[in-house]
Amino acid sequence: MDTMEKEVKTMKTSEVVGVYNVLKSLKISKLKKEDQFAVIRAARALKPVATAFDDFIKDAQERLRPAGFDAVDEKRGRFEQLTAAEKEEVTAAVHSYNKDVNDCVQTEADREVEVGDFTRVSDDVIAGLVAGNEGLDIETVMILQDVIGG
């Protein structure tokens, strides 16, 4: 078996979300069965944090949405037909809303969370993931190695 020992790790929420999103899109069919299972377990260990973060973003977007923002959305739909003053007003309203959401979400994204309950995988498994998934950039591979690698 190419897997290693279990280990609890502390990571930023944003890192967990990024790794989970990569893991759920990877093809694992070229790996041995036990290594496929290890990758699936790693994804399952990260999924609750990623799902909770997605829910947090949706909640922040809903709750921070200013009263009357539907009118801004309507104007955005016909942005090119607006006067310069209207464009400026819409742009400012959207920017303010996005800033509020981003400020709120950033605090949660930077929060340290414990992830664990999965078996770390060997460099051979990481190499198998790279071989089976064209287009993985080196940064993504390094992140995978840091998070799920042994």
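The table for this structure:
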| quantity | calculated |
| --- | --- |
| Crossing angle, helix 123-132 versus the chain [Cα axis fit, 0-90 degrees, rounded to tens] | 60 |
| Total formal charge among the other residues, if their Cβ is under 13 angstrom from that of residue 12, Lys/Arg +1 and Asp/Glu -1 | -4 |
| Between helix 33-63 and the chain: long-axis angle, C-alpha atoms, 0 to 90°, nearest 10 | 20 |
| Residues of type aspartates and glutamates that residue 30 reaches as a straight line, Cα spacing below 20 Å, ignoring anything fewer than 8 places off in the same chain | 2, 123, 124, 134, 137 |
| Between 0 and 90°, nearest 10: helix 84-109 axis offset from the chain longest Cα axis | 30 |
| Proximal lysines relative to residue 27, as straight alpha-carbon distance under 22 Å, when same-chain residues fewer than 8 apart are discounted | 47 |
| Hz values of 3J(HN,Hα) by residue in segment 139-150 - Karplus curve (6.51, -1.76, 1.60), Gly and Pro given as x | 4, 5, 5, 5, 5, 4, 4, 5, 8, 9, x, x |
| FRET efficiency, residue 124 to residue 55 (Cβ-Cβ, R0 25 Å, nearest 0.05) | 0.10 |
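Read the figures in this text as sums done on the coordinates, not as results from a lab. Remember, predicted model here, so these are calculated numbers, not experimental data. Ideal geometry is used to build each Cβ from the backbone, glycine not excepted, and the neighbour counts take in all protein chains shown.
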